[in-house]
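Inspection log for the structure reproduced underneath, given as structure tokens.
Please treat every number below as a calculation from the coordinates, not as lab data. What you see is a predicted model; the values in this text were computed from it and never measured. Reconstructed Cβ throughout: ideal geometry from the backbone, glycine too, with neighbour counts over all protein chains shown.
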Amino acid sequence: MTSIAAISTPARRRKLVGAGRRQWIGLLYVAPAVALVVVFFIIPLGMTAWMSLHNWPLMGAHSFIGLDNYWAILRDTRFWNALKFTGYYTVIVTIAIFVVAFPLALFIERPRPLTGFYRTSFFMPAVIGFASASLLWSWLLNVDSGLFSPAAFELGLTEKKVNLLATFQPAFWSIIAMVVWKVAGFTMIILMTGLQSIPPDLQEAAMIDGAGPLARFRAITLPLMRRTLALALILSVAGSVLAFDQFYIILRGGPRNQTLTAVYWIFNQSFVSFKLGYGAALSMVLLVILVALSLIQLRLLRQPEGVD
Amino acid sequence: MAQARSRKRRIGMQIAEHATGIIASLLFLAPIVWTVLSAFKPAQESRQPPLPPWPTTGFSVENYATLNTFGDGLWLPAQNSIYVSGMTVVLSVIVSVLAGYGFSRFRFPLKNLLFVLILSTIMIPFQSILTPIFLVLTKIGLHNTLTGLVCVYVTLQLPFSIFMMRNAFDAVPREIEEAARMDGANNVTMLLRVMLPLVWPGIVTIALFAFLGAWNEFLAALVLMTDQSKFTLPIMMTALQSGRFGAIDWGAVQAGVTVMMVPCLVLFLLLQRFYIRGLMAGAVK
């Protein structure tokens, strides 16, 4: 017994050491990625929390002020207005995107001639950037050299050229139209993957049982793509809560600062007013909101897909 | 007779469906086509509303020439954008291929913790840590440099691209590796000669996403690049559109938007299936 152990141990140990050394090399392979994430993500994340407890101007010394920045946020009505506007925008734009993307997904999911062309056309705006799309629409929305107001005027729909960006309602809905144009194709593809994962024989069986298209949609399609719907919803919500480019480029936060989003307000505080500590505290609030959304997402996505 | 009627109805349905499809396609394509065509109008015509969208008083590249007279011209910001996007593609591919291989094929301490750490950064919006990133870049002497911007972009790509690459390596059967090891391949030759040819679809996918991400990114470039000579195309065009260089020239804006859009559209049309693959991989998991 002992002799067997005595014989086998060194051999096994050598093998283990060899394997162990080979395995440690794995750390070397992942080291560059870990280094980047630590330097450009983890450290800045810690610094945001640290800075939020300071009065931190761009130049000069910073001083520890405890939770004062957070107390100031409570009284910062303009931040709460920005947050309220961001929430309003998120709800409206998400509904609008789904109202357009869901029919498109149903439309391209069925194979027929030209489906590839339709899918590619609907998706094209999704690959150009938000900045390009915003610049493009800022031209289309321009009152003198743009497309919409002059066209409406030429067609006799309006008595004079209306400046769409001068008052809140038309400006807001113009942004919604632009974002739906840009994002609907993306959401459509996500929804399409969900539709395609539904076994076709289920639909056929229901059809034989005499279920109409609406009944099939409610009883089969919707429940079976719950996970995909949750994913598309979360992507849309998270993207909208962080909206900045289109409001900065097309509206500059106007008219009368009514379209300042949360990120826009943080940008103004940090990089226009250079109140870095206060900006960090605002960022922490935004971060908590987004992490909460992500946790909800994980919960929704963990539920298994299927009929229950 | 009933059969003929139902066939007629089916054809009618098909015509209606395709009419819907074509009208919807035109709606989605119109703004892009409108811009690309309008950019070729002479400057005089560009000041008028784009009705019709195509040039009526002659084809001209005047708008591109005008665009080139603003600030540092068109070529410098275009060069900056090309450099930043190219470097982001190269570095994020190298870093995530290495990391994907490491996470897929080795067992080492803290492995799962590190993997979760990298993936979980996707939950945190980078918009909320831009100020400290600015300070970190200053600390290591990379503030206001394109290289600094590249580092930030690569880091933002890592959760998606490492996830993709780990899955790609996981899908390669171990027998292939064992056979190569028998033939005396070491880790490096194994990765370069044996594994890379098998995971290249994944590499094309992450390269495409890295390019589009870097080429189109706006907020980080706006905050981190304060020197006009370091502006990327979106920042330069926004400065132009905001009237920073004098009266707004919409013809130049159209030309600039075209320059920004066309590389994305061409790459997407060429590599569409890799793009959809990446999207699906993200959606399914």
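If packing is taken as the average count of other Cβ atoms within 10 Å, what order do A:75-87, B:46-58 fall into, highest mean first?
Output ranking for A:75-87, B:46-58: A:75-87, B:46-58.
Can you pull the one-decimal nm distance between simple spin-label points at A:LEU295 and A:ILE92, each 7 Å off the Cα toward Cβ?
3.1
Would you work out which of B:SER161, B:GLY184, B:PHE274 lies farthest towards the positive end of the dipole of segment B:131-285, given +1 charges on the beta-carbon of Lys and Arg and -1 on that of Asp and Glu, about the Cα centre?
Value computed over the given set: B:SER161.
Counting residues in chain B as N, plug N into 2.2 N^0.38 Å and put the Cα Rg over that result. It would help to have the intermediate numbers written out before the result.
On the way: Rg = 24.4 Å, N = 285, 2.2 N^0.38 = 18.8 Å.
Against the compact-globule rule of thumb, the ratio is 1.30.
Compute for segment B:82-221: radius of gyration divided by Kirkwood radius, i.e. Rg/Rh, restricted to C-alpha atoms, rounded to two decimals.
Ratio of gyration radius to Kirkwood radius: 1.03.
What FRET efficiency would be calculated for the residue pair B:VAL116, B:ARG5, taking the C-beta separation as r and a Förster radius of 56 Å, to the nearest 0.05?
Computed FRET efficiency for B:VAL116 and B:ARG5 comes out at 0.35.
Given Cα positions, please report Rg to Rh for segment A:69-132, the hydrodynamic radius being the Kirkwood one.
1.27
Working out 0.36 nm times the residue gap between B:LEU29 and B:ALA171, then minus their Cα-Cα distance, what length gain in nm do you get to one decimal?
This chain segment gains 47.4 nm when fully extended.
State log₁₀ I(q)/I(0) for segment B:35-103 at q = 0.12, 0.14, 0.16, 0.17 Å⁻¹ as given by the Debye formula over alpha-carbon point scatterers of equal weight, solvent excluded.
-0.54, -0.61, -0.68, -0.71
Using Cα centres only, tell me the gap between segment B:113-141 and segment B:182-232 in whole Å.
Spelled out, the Cα-based centre of one part sits 18 Å from the other.
May I ask you to derive the FRET efficiency for A:ARG218 and B:ALA19 from their Cβ-Cβ distance with R0 = 25 Å, giving the value to the nearest 0.05?
Once rounded, the FRET efficiency stands at 0.35.
Once every DSSP H run of n ≥ 4 in chain A is given -39500 (n - 2.57) and the sum is divided by its residues, what mean residue ellipticity at 222 nm do you get, rounded to the nearest 500 deg cm²/dmol?
Working: 13 runs with 208 residues, N = 308.
Dividing the helical sum by the residues of chain A leaves -22500 deg cm²/dmol.
Given an 8 Å cut-off on Cα distances and at least 6 residues of separation, report the relative contact order of segment B:46-194 as a percent.
Once normalised by length, the contact order is 33 percent.
If Lys and Arg each add +1 and Asp and Glu each add -1, what is the summed charge of the other residues whose beta carbon sits under 10 Å from the beta carbon of B:VAL194?
0
Below 8 Å, C-alpha to C-alpha, sequence gap of six or more: please give me the relative contact order for segment A:183-285 in percent.
Reported as a whole number, the value is 19 percent.
Can you spot the aspartates and glutamates whose alpha carbon is less than 17 Å from B:LYS111's alpha carbon? Ignore those fewer than 8 places along the same chain.
By straight Cα distance, B:LYS111 reaches B:ASP170.
Rounding to the nearest 20 debye, state how big the charge dipole of chain A is about its Cα centre with +1 on each Lys and Arg Cβ and -1 on each Asp and Glu Cβ.
1140
Compare B:LEU110, B:LEU76, B:LEU196 in a GNM of chain B, Cα atoms joined below 10 Å, and give the one with the largest fluctuation.
Most flexible of the set in this elastic network: B:LEU110.
Label points 7 Å out from Cα along the Cβ direction at A:ALA49 and A:ALA31: separation in nm?
Between A:ALA49 and A:ALA31, the label points sit 2.8 nm apart.
Normalise the Debye intensity by I(0) for segment B:1-63, one equal point scatterer per Cα, no solvent, then take log10 at q = 0.16 Å⁻¹ and round to two decimals.
Normalising to I(0) and taking log10 leaves -0.62.
Under 10 Å, Cα contacts only: if you run a Gaussian network model on chain A, which one of A:PHE98, A:PHE123, A:PHE40 comes out with the highest mean-square fluctuation?
Of A:PHE98, A:PHE123, A:PHE40, the most mobile in the Gaussian network model is A:PHE40.
Over its Cα atoms, what ratio of radius of gyration to 2.2 N^0.38 Å does chain A give? Could the numbers behind the result be given before it?
Details: Rg = 27.0 Å, N = 308, 2.2 N^0.38 = 19.4 Å.
Working it through for chain A, the quotient is 1.39.
Tell me which trypsin sites (Lys or Arg not before Pro) from segment B:181-263 have a DSSP coil assignment and no more than 15 other beta carbons within 10 Å of their own. Don't skip to the answer; put the middle values down first.
Working: sites: B:ARG181, B:ARG193, B:LYS230, B:ARG244; in loops: B:ARG244.
Filter output for segment B:181-263: B:ARG244.
Treating cross-link reach as a plain straight distance, find the aspartates and glutamates whose alpha-carbon is under 16 Å from the alpha-carbon of A:LYS160, omitting any fewer than eight places away in the same chain.
The reachable aspartates and glutamates, counting only those whose Cα sits under 16 Å from A:LYS160, are A:ASP144.
Could you work out, residue by residue across B:146-158, how many beta carbons of other chains sit within 10 Å of that residue's beta carbon, and then give the average as an integer?
For peptide B:146-158, the averaged partner shielding equals 3.
Under a straight-distance cross-link criterion of Cα-Cα below 29 Å, which lysines are reachable from B:LYS230, leaving out those fewer than 8 residues away in the same chain?
A:LYS182, A:LYS275, B:LYS139
Report, please, the projected area of the protein assembly as shown averaged over directions, based on the convex hull of its C-alpha atoms, in nm².
38.2
Ranked highest first by average number of other Cβ atoms within 10 Å, how do B:140-151, B:17-28, A:184-195 line up?
A:184-195, B:140-151, B:17-28
Sketch the reach of a paramagnetic label on B:ALA65 as a point 7 Å from Cα along Cα-to-Cβ, and name the residues of segment B:243-260 whose backbone nitrogen lies under 20 Å away.
Under 20 Å, as judged by backbone N against the label point of B:ALA65, lie B:247-259 of segment B:243-260.
As an exercise, identify the trypsin sites (Lys or Arg not before Pro) in segment A:148-240 lying in DSSP coil whose Cβ has no more than 16 other Cβ atoms within 10 Å. Working shown, then result.
On the way: sites: A:LYS160, A:LYS161, A:LYS182, A:ARG216, A:ARG218, A:ARG226, A:ARG227; in loops: A:LYS160, A:LYS161.
Those satisfying the criteria are A:LYS160.
Give me a single rounded figure for A:191-202: the average over its residues of other chain Cβ atoms within 10 Å of their Cβ.
1
How large is ³J(HN,Hα) for each residue in segment A:81-91, as worked out from phi by the Karplus curve 6.51 cos²θ - 1.76 cosθ + 1.60 (θ = phi - 60°), to whole Hz, x for Gly and Pro?
Each residue's phi maps through the Karplus curve to give 5, 4, 5, 5, 4, 4, x, 4, 4, 4, 4 Hz.
For A:ALA166 and B:ASP72, what does the FRET efficiency come to when R0 = 51 Å and r is the distance between their Cβ atoms, rounded to the nearest 0.05?
Efficiency, rounded to the nearest 0.05: 0.95.
Can you work out the Karplus-derived ³J(HN,Hα) for every residue in segment A:254-266? Use 6.51 cos²θ - 1.76 cosθ + 1.60 with θ = phi - 60°, whole Hz, and x for glycine or proline.
x, x, 6, 6, 7, 10, 6, 8, 4, 5, 4, 5, 5
Using a Gaussian network for chain A with springs between C-alpha atoms less than 10 Å apart, which of these wobbles most: A:VAL263, A:VAL99, A:VAL34?
Of A:VAL263, A:VAL99, A:VAL34, the Gaussian network model singles out A:VAL34 as fluctuating most.
Quote the relative contact order of chain B in percent (integer), defining contacts as alpha-carbon pairs under 8 Å separated by 6+ residues.
So the answer I get is 27 percent.
Please give the contour-minus-distance gain from A:ARG110 to A:ALA211: 0.36 nm per residue of separation, less the Cα-Cα distance, rounded to one decimal in nm.
Working: separation 101, 0.36 × 101 = 36.36 nm, distance 1.87 nm.
Here the segment from A:ARG110 to A:ALA211 would lengthen by 34.5 nm.
Starting at the first residue of segment A:112-127, write each ³J(HN,Hα) from the Karplus equation 6.51 cos²θ - 1.76 cosθ + 1.60 with θ = phi - 60°, in whole Hz, x for Gly and Pro.
Going residue by residue, I get 7, x, 6, 4, x, 4, 4, 4, 5, 4, 4, 8, 3, x, 5, 8 Hz, with x marking Gly and Pro.
Find the percent of Cα-Cα distances in segment B:133-285 that exceed 28 Å, and round it to a whole number. Could the numbers behind the result be given before it?
Numbers: 4822 of 11628 pairs.
Tail of P(r) above 28 Å: 41 percent of Cα pairs.
Could you work out, residue by residue across A:116-124, how many beta carbons of other chains sit within 10 Å of that residue's beta carbon, and then give the average as an integer?
6
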